Amino acid sequence: MFLDVPLGTILRDAETNEVVLEITEHGEEKIIVEGGMGGRGNWHFKSPTNQTPRYAQPGVEGKEGAYILELKVLADVGLVGFPNAGKSTLLSVITSAKPKIADYEFTTLKPNLGIVEYRDFKSFVMADIPGIIEGAAEGKGLGHYFLRHIERNATLLFLIPADSNDISKEYEILLDELRRYNPEMLDKARLIAISKSDMLDEELMDEMRVELDKDLKNVPYMFISSVAQQGLTELKDRLWAMLND
Ligand SMILES: Nc1nc2c(ncn2[C@@H]2O[C@H](COP(=O)(O)OP(=O)(O)OP(=O)(O)O)[C@@H](O)[C@H]2O)c(=O)[nH]1
Ligand SMILES: [Mg+2]
């Protein structure tokens, strides 16, 4: 029997709970329990001197086993942004999570998790946390309380709205708050998504690119819109690539 499983599936022995194997490559095939072998009937043993042999060879029994298939989440993404940046909206569009969304700050008061279902059964978890503001280190806004929820994430996705007065400054403030919380947060891979880009036209985007290339230096950024569903596939591709780097 063949069983198709998603990448990242691990197989545990149901009795010992030990991990027996893990599917780490696309298209990988593993034999879990070997099937039996057919026997040989008596006509196999027919010979000139024995036309009606009474001897036959029995087959070999197949093996049996009980296993548990478990999907190991390979890695995940934490969303970082000011209140109202569109974090929960993004989560609601690329996962089946249904977080509260509203046009005011601090809509999200507790973290939300969603699974981004990705092509070929790939998936990763995305965490949406309350917005961070300047001075969070001193306890402003919801402070640093929720940063621990993204402390273990492999990758950080910074969400900065297209109508921000100064995108690179907003990014620096967020980065500084993370640094003050725990300098190790800066060791994580980062991507900036400029949200609500449906408010921009191509010309404006081109102008912004010139500025952003200069100010953001080597931090990768891209334009997305959750509402207009723009750039979301590319976003998932890039996050996936970062997670697997
Ligand atoms: N035009 C436009 N508006 C958006 C987009 N994404 C979100 N918004 C709007 O931005 C507002 C805030 O969205 P939320 O997703 O609640 O923002 P948030 O970052 O989760 O906010 P907090 O939970 O308060 O930190 C809502 O009015 C959304 O409808 C987008 O792609 N385009
Ligand atoms: Mg929110």
Pick out which of 184, 134, 170 has the largest mean-square fluctuation in a Gaussian network model of the chain, springs linking Cα atoms closer than 10 Å. 184
Net charge of neighbours whose Cβ lies under 9 Å from the Cβ of residue 144, counting Lys and Arg as +1 and Asp and Glu as -1: +1
Give, in nm to one decimal, the length gained when the segment between residue 214 and residue 100 is fully stretched (0.36 nm per residue of separation minus the Cα-Cα distance). 37.5 nm
Can you figure out the FRET efficiency of residue 26 with residue 134, using R₀ = 45 Å and their beta-carbon distance, to the nearest 0.05? 0.55
Which percent of the accessible area of the chain is formed by carbon and sulfur heavy atoms (probe 1.4 angstrom)? 49 percent
Between the range 166-241 and the range 1-77, what's the alpha-carbon centroid distance in Å? 49 Å
If Rh is defined by the Kirkwood formula over all Cα pairs and Rg also comes from Cα, what ratio Rg/Rh do you get for the range 1-153? 1.37
Under the rule of at least 5 residues apart or a separate chain, name every residue whose amide H is placed under 5 Å from the amide H of residue 81. 132, 159
Under 21 Å Cα-Cα from residue 214, which lysines qualify once same-chain neighbours fewer than 8 residues away are excluded? 169
Among the listed pairs 110/217; 30/110; 87/140, which are separated by more than 30 Å between their Cα atoms? 110/217; 30/110
Quick one: accessible area per residue over the chain, 1.4 Å probe, rounded to a whole number of Å²? 60 Å²
Pseudo-spin-label distance residue 12 to residue 199, built 7 Å along Cα→Cβ, given in nm, is 4.7 nm
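Once the mean 1/r over all distinct Cα pairs of the range 149-245 is inverted, what Kirkwood radius in angstroms do you read off? Numbers along the way, then the final one.
On the way: mean 1/r = 0.0709 Å⁻¹.
One decimal place: 14.1 Å for the Kirkwood radius.
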Largest-first principal axis extents of the Cα set of the range 1-72 (Å): 62, 27, 13
Which one of 8, 19, 44 is farthest out on the positive end of the charge dipole of the range 1-72, using unit charges on Cβ (Lys, Arg +1; Asp, Glu -1) and the Cα centre as origin? 44
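With N set to the residue count of the range 76-243, report its C-alpha Rg divided by 2.2 N^0.38 Å to two decimal places. Numbers along the way, then the final one.
On the way: Rg = 14.8 Å, N = 168, 2.2 N^0.38 = 15.4 Å.
Here the Cα radius of gyration is 0.96 times the empirical estimate.
The values are calculated or read from the model by the stated rules, or taken from the named source; none is laboratory data. Remember, predicted model here, so these are calculated numbers, not experimental data. FYI the Cβ positions are ideal-geometry reconstructions off the backbone, even for glycines, and counts take in every protein chain you see. SASA here: full protein model, heavy atoms, side chains in, ligands and nucleic acids out. Shrake-Rupley method; radii C 1.70, N 1.55, O 1.52, S 1.80 Å.
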